[in-house]
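A quick write-up on the structure given underneath.
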Amino acid sequence: MQPVQKLIGMNIKIARTKRSITQAEVANNLGIEASYLSRIERGTVPVSCERIYEIIHLLQCDISEIFPVPEEVETQFNQ
């Protein structure tokens, strides 16, 4: 199990690379720096739900590709 921030970031990267879209393209369309998107994908910065949904729309992927199932997420209640 991993923290949700890391799982979401990893899933964003997988969805992006599966579609052969670069970090620079996504970042440019979102109006953010590519380095910030890199930190999102590594799970080292918190990201808002609104930003996650912008990424989902931009990548044209299903929500289930990005949000992990609860059993995969480490929380204070299942450590």
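The values are calculated or read from the model by the stated rules, or taken from the named source; none is laboratory data. As the structure is a prediction and not an experimental result, all values here were calculated from the model. Neighbour counts are summed over all protein chains in view; Cβ atoms, including those assigned to glycine, are modelled from backbone coordinates with ideal geometry.
Below are the figures for this structure:
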{"item": "Test: ILE32 is in contact with a Phe, Trp or Tyr (Cβ under 8 Å, 6 or more places away or on another chain), on the phi < 0 side of the Ramachandran plot and of a type in the set (Val, Ile, Thr)", "result": "no"}
{"item": "Sole exception among (1) among the charged types (D, E, K, R); (2) under 26 Å from MET1 (Cα atoms); (3) surrounded by 13 or more Cβ atoms within 10 Å (Cβ to Cβ) for GLU50, by number", "result": "(3)"}
{"item": "Among (1) among the hydrophobic types (A, V, I, L, M, F, W, C); (2) crowded, with 16+ Cβ neighbours inside 10 Å; (3) within 30 Å of GLN76 (Cβ to Cβ); (4) at pLDDT 95 or above, the one test that VAL4 misses", "result": "(4)"}
{"item": "Where PHE77 falls short, out of the listed (1) at pLDDT 95 or above; (2) outside any helix (DSSP H, G or I); (3) of a type in the set (A, V, I, L, M, F, W, C); (4) surrounded by fewer than 14 Cβ atoms within 10 Å (Cβ to Cβ)", "result": "(1)"}
{"item": "Qualifying positions in the stretch 32-79 - touching a helix residue (DSSP H, G or I) at 6+ places or on another chain (Cβ under 6 Å) and farther than 20 Å from THR17 by Cβ", "result": "VAL73"}
{"item": "Number of positions in the stretch 7-60 that are within 25 Å of GLU74 (Cα to Cα) and not in a helix (DSSP H, G or I)", "result": "6"}
